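Notes follow the structure.
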Amino acid sequence: MEVIETEIKDLLIIKPKVFADARGYFFESYNEQVFKKHGINAHFMQDNQSLSSSNVLRGLHFQAPPFDQGKLVRVITGSVLDVAVDIRKGSPTYGKHVALELNEENKTMFFIPPGFAHGFLTLRDNTIFSYKCTNVYNKESEGCVLWNDASLGIDWNCANPVLSEKDIAGTPFQSFVSPF
């Protein structure tokens, strides 16, 4: 398993070692010892999975303390543009983001610690997205930063994504008060 640091501290790209042959493939999607070796001391408490058609945008979501969540995300089938925005007050990269494609071919995973808003855009129909979370979901603690806020500079490369009402009503970043 290869763990790659991004330009934002604590956001990590994880590339598993894939063993493939005529029967298919096998890889470890999580190994606590390997993660700890790379400084990921996460204790996962909840797994989530979503199915979406193409051009569905979910995000930019976060859970505020004390229900803040770290996430280990990956695509089982399909493809997404995955985005994490640093919302940690005092961070030198506050308001900056990392975007990368996760898909069934590259099997790449993304570790997003607490203190980040997270979202993704599905690039194919029938995309199955998996999240391992370090805390349970709590409705009163959920937050949403406006996905297309110009000050964030995220290039979703999609003019008309399919959005939920919650995502349409996300908080503009300029008026956002981070709980982190």
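We did not get these values from a lab; they are worked out from the coordinates using the rules stated. Predicted model, so just to flag it, every value in this text is computed and none were measured. So basically every Cβ, Gly included, is an ideal-geometry build from the backbone, and we count neighbours across all protein chains shown.
Values computed for the structure shown
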quantity	calculated
Simple spin-label estimate for LYS166 and ASN48 in nanometres, 7 Å along Cα-Cβ	0.7 nm
Estimated FRET transfer efficiency when R0 is 30 angstrom, pair LYS37-GLU101 (beta carbons, to 0.05)	0.70
Filtered trypsin sites (Lys or Arg not before Pro), region 1-34: DSSP coil and at most 12 other beta carbons within 10 Å	LYS17, ARG23
Modelled FRET efficiency - R0 41 Å, ASN138 with ILE4, Cβ distances, 0.05 increments	0.85
Estimated [θ] at 222 nm from DSSP helical runs (n ≥ 4, -39500 (n - 2.57)) normalised by residues in the chain, nearest 500	-1000 deg cm²/dmol
Most mobile of SER29, SER79, SER50 in a GNM of the chain (Cα contacts under 10 Å)	SER50
Translational D in µm²/s for the chain (Stokes-Einstein at 4 °C, 1.567 mPa s, Kirkwood Rh from C-alpha pairs)	78 µm²/s
Residue-count net charge about LEU152 - beta-carbon cut-off 13 Å; Lys, Arg +1, Asp, Glu -1	-2
Efficiency of FRET from Cβ geometry, ASP125 and PHE27, R₀ 25 Å, rounded to 0.05	0.55
